[in-house]
Amino acid sequence: MKDLIIAGSGPAGLSAAVYASNAMLDFVVIEKFPMSGGQMLNTLDINNYLGFEQVDGFTLGQAFRTHAEKQGAEFVNDEIKAIEKIENGYKVVCANGEYEAKTIIYALGANPRKLGVKGEAELAGRGVSYCATCDGNFFRGRATAVVGGGDVALEDALYLANICSEVYLIHRRGELRGAKYLQDKVFKNEKIKLILNAQVEEILGDKKVEGVRLNNGETMSVDGVFIAVGTEANSKLLDGIVETDRGFIVADESGKTSAEGIFAAGDVRTKRLRQISTAVADGANAVYSVEEYLNKN
């Protein structure tokens, strides 16, 4: 039985691997994809991770993975199918084997909810983005659209209005759902053009985003489309084991969940800001919590 299993090798999992190596824990990282990096791999340009003025997600992900490997981290390329409680720990059942450990750092991340419209997948990373704070700077002085009506969509529109020439806020309902104070700010911002009772039917463009077509037949020219219609946590493996809130695992910065010996790190846990930097911090904090737990048990 190992001290620790790290589920996932995005920024949180890889950070945890480095810290677990330094702590000389007996652990393994399990990742179903051949490449590490999580959602970073779908990002063409990153300019807000400290020390890297501009880098693509693949390069940064591989740098993280190489660092962890040089520290001595062991990686297994396999898909986790189930997690079961056993005496003194947990059993992780994978497609090609089983592993047992006293603790688990669960870092399988979250995925932005998709619109599912034509052009979305084809232009992802080429003008279609799911993170305004990550990619907004690349559209400085240009026209953009935000799709959604909740807090995140409103915050994205306000953020983009500071750097873009104009922002179309497109929402399928007749009124916004976000906090009233955010709505007030949106209504007062002259750069934000509110389009209600409308849905994006197609994202236009060949090699990059050139515009959007709405279900009412209207089209508008934009260089970027920011989709903010929710996020789905990859937490199903822990259904019935840990407490969740709208699918996200309830855990603070310590990573401690409602289940003894299970710690959550990265986008999968309840948190305000989901960024590479916060995921890396989560990985470090989770290992510290694992060490505390192991020392007490």
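Considering only the range 142-154, how many residues are crowded, with 20+ Cβ neighbours inside 10 Å and in contact (Cβ under 8 Å) with a residue 60 or more places away in the chain? Summing the residues that are crowded, with 20+ Cβ neighbours inside 10 Å and in contact (Cβ under 8 Å) with a residue 60 or more places away in the chain in the range 142-154 gives 7.
Can you find a residue in the range 234-249 that is acidic (Asp, Glu) and surrounded by 20 or more Cβ atoms within 10 Å (Cβ to Cβ)? So far as the range 234-249 goes, no, none of its residues is acidic (Asp, Glu) and surrounded by 20 or more Cβ atoms within 10 Å (Cβ to Cβ). GLY57 meets the conditions (1) buried (at least 19 other Cβ atoms within 10 Å of the Cβ); (2) within 21 Å of VAL268 (Cα to Cα); (3) touching a residue at least 24 places away in the same chain (Cβ under 8 Å); (4) in contact with a strand residue (DSSP E or B) (Cβ under 9 Å, 6 or more places away or on another chain) in every case but one. The failed one is (3). Residues in the range 98-112 include at least one that is within 30 Å of ASN215 (Cβ to Cβ) and among the small types (Gly, Ala, Ser).
Every residue in the range 85-132 that is part of a strand (DSSP E or B) and among the hydroxyl-bearing types (Ser, Thr, Tyr), please.
Of everything in the range 85-132, those that are part of a strand (DSSP E or B) and among the hydroxyl-bearing types (Ser, Thr, Tyr) turn out to be TYR90, TYR99, THR103, TYR106, SER129.
Remark: pairs (first residue in the range 79-106, under 20 Å from ILE249 (Cβ atoms); second residue of a type in the set (Gly, Ala, Ser) and exposed (fewer than 13 other Cβ atoms within 10 Å of the Cβ); Cβ separation under 8 Å; 6+ apart in sequence or on different chains) = GLU79/ALA95; LYS81/ALA95; VAL92/ALA82; VAL93/ALA82.
Here VAL200, VAL242, VAL250 are screened, and the one residue that is aliphatic (A, V, I, L, M) and more than 23 Å from THR103 (Cβ to Cβ) is VAL200.
Keeping to the range 180-217, report how many residues are in a loop (DSSP other than H, G, I, E, B) and more than 16 Å from ALA143 (Cα to Cα). Qualifying residue count for the region: 9. When the residues of the range 134-148 are filtered to those that are in a loop (DSSP other than H, G, I, E, B) and touching a Cys at 6+ places or on another chain (Cβ under 9 Å), the one that is nearest to LEU50 (Cα to Cα) is ARG140. Quick one: would you say GLY174 is on the phi > 0 side of the Ramachandran plot and more than 25 Å from the chain's Cα centre (by Cα)? So GLY174 does not fit the description; no.
For the range 67-84, the tally of residues that are assigned to a strand (DSSP E or B) and either surrounded by fewer than 13 Cβ atoms within 10 Å (Cβ to Cβ) or touching a Cys at 6+ places or on another chain (Cβ under 9 Å) (or both) stands at 5.
For every residue, the table says whether it meets (1) at pLDDT 95 or above; (2) outside the structural domain of LYS81 (by TED's automatic domain parsing); (3) on the phi < 0 side of the Ramachandran plot.
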| position | (1), (2), (3) |
| --- | --- |
| PRO11 | yes, no, yes |
| TYR19 | yes, no, yes |
| GLY37 | no, no, no |
| ASN47 | no, no, yes |
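In the range 273-297, the residues that are farther than 13 Å from LYS256 by Cβ form Cβ pairs under 9 Å with partners that are surrounded by fewer than 17 Cβ atoms within 10 Å (Cβ to Cβ) and among the β-branched types (Val, Ile, Thr), at six or more places apart or across chains, as follows: LEU273/THR133; GLN275/THR133.
In summary, ILE262 fulfils each of the numbered conditions (1) at pLDDT 95 or above; (2) closer than 21 Å to GLY148 by Cβ with the single exception of condition (2).
The values are calculated or read from the model by the stated rules, or taken from the named source; none is laboratory data. From a predicted model like this one, the values you see are computed outputs, not experimental measurements. Quick reminder, even Gly has a Cβ in these numbers, built from the backbone with ideal geometry, and neighbours come from all protein chains shown.
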